[in-house]
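The values are calculated or read from the model by the stated rules, or taken from the named source; none is laboratory data. Because the structure is predicted, anything quoted here is derived from the model rather than measured. For neighbour counting, all protein chains shown are included, and Cβ atoms are generated from backbone atoms with ideal geometry for every residue, glycine included.
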Amino acid sequence: MRKVFAVIRREFVTRVRTRAFVISTILGPLFMGVLIFLPVFLAGRETGAKPIVVVDAASGDFGDLMVTALQESRIGPSSTGRPRYSVQRVLAMGRAQLVADSLTALIGRSRGPEGAPVGFVVLTDDALATGAVAYFGSNVGSLSDMESLRGTMRPVIQTERLVQEQVDTAVVRRATAPIELQTSKITEGKLTGETGTSSFILAYAMTFILYISLLLYGIQVMSSVLEEKTSRIMEVLSSSLSPFQLMLGKVVGVGSVGLFQLGIWAAAALYLTANLVPVLHLFHLSADAAADISVPTIPPTLLIIFLVFFLLGFMLYASLYAAVGAMCSTQQDTQQAQQPVMIGIVAGFMCMFPVLNDPSGSLARTLSLIPFVAPFVTPLRYSIAPLPPGELLLSMGATLVGVLAIIWLASRIYRVGILAYGKRPTFKELWSWVRTA
């Protein structure tokens, strides 16, 4: 056991003392802070309203209503928000195409005239009937801009249609008044004070951190094994330690570095969420700005579960990466051999999206029992709503069994591969290694 501990200590110390570890550890909390505070800074900037032109070729009051709606559109609260659009109306009854052609020549130029519009809307009677409003502009690739424009125009078209059906104008105004969905999260029968946005941020952040950590530290294990194998140091080490002890020491040593770094990041996140107002003062922001920042709370139980599943997931994937490093002789070979392992990690990350849609569904419960994706799925489900203890323990147990099976499989490949040189083995040769090791 002392020899295994020596390997663990060496892997831990050599990595923690590097500049790359210090820089990444410092940049992690800074990156989290940027993600939280950057939207507030950007929202506080005085950005001008987007100039657009309404080409009015429709009869009646349709054009007037559309222009008014666009002028009243705001960024942020309707009472205090900044105007979203600077609107200019052009009457074009019978000559809409000519006006559109002249406006097209002004838009999207790298050195266009000052105050040139970013786009124009063409209003026709057919657009009111079909609901297909034509917009031409340089910002059509911005999904947020197009959704805002669509959301502004939709009530106008609905209102005008109802008016044409001779529905009372006051009734139409009340029926088409905008609504705001205010979300509040409930956990264990109690309000947590979190919004839907903050819950999503927490779930996404945990999954993304796990995804990046498994990739980075898993590749470090693979590179370390390959380096010692190609430099023939492995032959010296194998005379003092068994191959399983070597693999265990490397996996645990690099994993402890990951846990140490995640612990620092978690402590920084806990401090940030618990002392948001003092931190805002450091950035010269008032306490009212906290209302615009969706900072999720991180319960200690969730943090423990996340770290446990991180450790299980790392042991699983790092063992596979160690086996890949042992069975390859060159860096080029590892690029191809590691692809199945990377696919497993990517699949775990992609499971986030169906689980967020239905965290208690049969698909989410099934994924929680699959060792390759459970480290991603179970903490994600727990961040949305605490799982029953039996279901949580079952997921841990299934993942642990899978980890032990993978470690056994990887250790047998590792035992033969560290002293094998030449071309990369085929699947048939790998199976032979597993049977004979």
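Couple of notes before you dig in:
- Within region 308-364, tally of residues that are in contact with a helix residue (DSSP H, G or I) (Cβ under 7 Å, 6 or more places away or on another chain) and charged (D, E, K, R): 1
- Of the residues Ala318, Ala347, Ala322, the single one that is among the aliphatic types (A, V, I, L, M), without any contact (Cβ under 8 Å) to a residue 40 or more places away in the chain and part of a helix (DSSP H, G or I) is Ala347.
- Complete set of residues in region 313-346 that are of a type outside the set (Ser, Thr, Tyr) and either within 19 Å of Leu246 (Cα to Cα) or not assigned by TED's automatic domain parsing to the domain that holds Ala398 (or both): Phe314, Met315, Leu316, Ala318, Leu320, Ala322, Ala323, Val324, Gly325, Ala326, Met327, Cys328
- Residues within region 318-350 that are touching a Gly at 6+ places or on another chain (Cβ under 7 Å) and more than 22 Å from Lys428 (Cα to Cα), tallied: 1
- Any helices (runs of 4 or more DSSP H) falling wholly within region 223-291 and containing at least 2 residues that are modelled with pLDDT of 70 or more and surrounded by 12 or more Cβ atoms within 10 Å (Cβ to Cβ): 243-274
- Some residue of region 12-22 being part of a loop (DSSP other than H, G, I, E, B), modelled with pLDDT of 75 or more and not charged (D, E, K, R): yes
- Within region 382-437, restricting attention to residues that are of a type in the set (Lys, Arg) and part of a helix (DSSP H, G or I), the residue that is farthest from Val252 (Cα to Cα) is Lys428.
- Complete set of residues in region 389-413 that are touching a Lys or Arg at 6+ places or on another chain (Cβ under 9 Å) and under 19 Å from Tyr321 (Cβ atoms): Arg412
- One residue stands out among those in region 345-363 that are of a type in the set (A, V, I, L, M) and closer than 20 Å to Ile209 by Cβ: the one that is surrounded by the fewest Cβ atoms within 10 Å (Cβ to Cβ), which is Val346.
- Restricting attention to region 62-90 and to residues that are exposed (fewer than 12 other Cβ atoms within 10 Å of the Cβ) and of a type outside the set (Gly, Ala, Ser), the residue that is modelled with the lowest pLDDT turns out to be Pro77.
- Restricting Pro379, Pro371, Pro375 to those that are outside any helix (DSSP H, G or I), buried (at least 20 other Cβ atoms within 10 Å of the Cβ), in contact with a helix residue (DSSP H, G or I) (Cβ under 6 Å, 6 or more places away or on another chain) and assigned by TED's automatic domain parsing to the domain that holds Leu210 reduces the list to Pro371.
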